[in-house]
């Protein structure tokens, strides 16, 4: 999806991938995975196929507008680590109790 003045790219897989068809649906597995591990992953996917939603239509009761989110970040701006906040002892105890 593109919005005014921005181009959005979806993250892609790292490294080479192999497409596997499991119960008529295509999945991408890392090509660097060993054959045994790929077979185990295929087994888990096929046993839990009903847990994978291919679109918002497969998720009844969930508003499709809720499913989409995007972080707007300017690639020219360097990330900054926030300063650690110091609290007085009373607030520190309250925070610790809430956690």
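Output the 0 to 90 degree angle, nearest 10, between the alpha-carbon long axis of helix 35-47 and the longest principal axis computed from the alpha carbons of the chain.
Helix 35-47 and the main axis of the chain meet at about 80 degrees.
At a 10 Å Cβ-Cβ cut-off, how would you order 29, 71, fewest neighbours first? Can you show the working numbers first?
On the way: 29 17, 71 4.
With the fewest neighbours first, 29, 71 line up as 71, 29.
Per residue Cα convex hull volume for the chain, in cubic angstrom? List each step's numbers first, then the result.
Details: hull volume 26.9 nm³, N = 99.
Hull volume over Cα atoms, normalised by residue count, gives 271 Å³.
Cut-off is 10 Å between beta-carbons; in what order do 99, 73, 59 appear when sorted fewest neighbours first? Let's see the in-between values first.
Details: 99 4, 73 9, 59 13.
Least to most surrounded, the residues fall as 99, 73, 59.
List the relative contact order of the chain as a percent without decimals, with contacts defined as Cα pairs under 8 Å and 6+ residues apart. All intermediate terms of the calculation are to be shown ahead of the outcome.
Numbers: 36 pairs, mean separation 11.8, N = 99.
Reported as a whole number, the value is 12 percent.
Bear in mind these aren't lab numbers, they're just calculated from the coordinates by the rules spelled out. As the structure is a prediction and not an experimental result, all values here were calculated from the model. Virtual Cβ from ideal backbone geometry, glycine too; neighbours counted across all protein chains shown.
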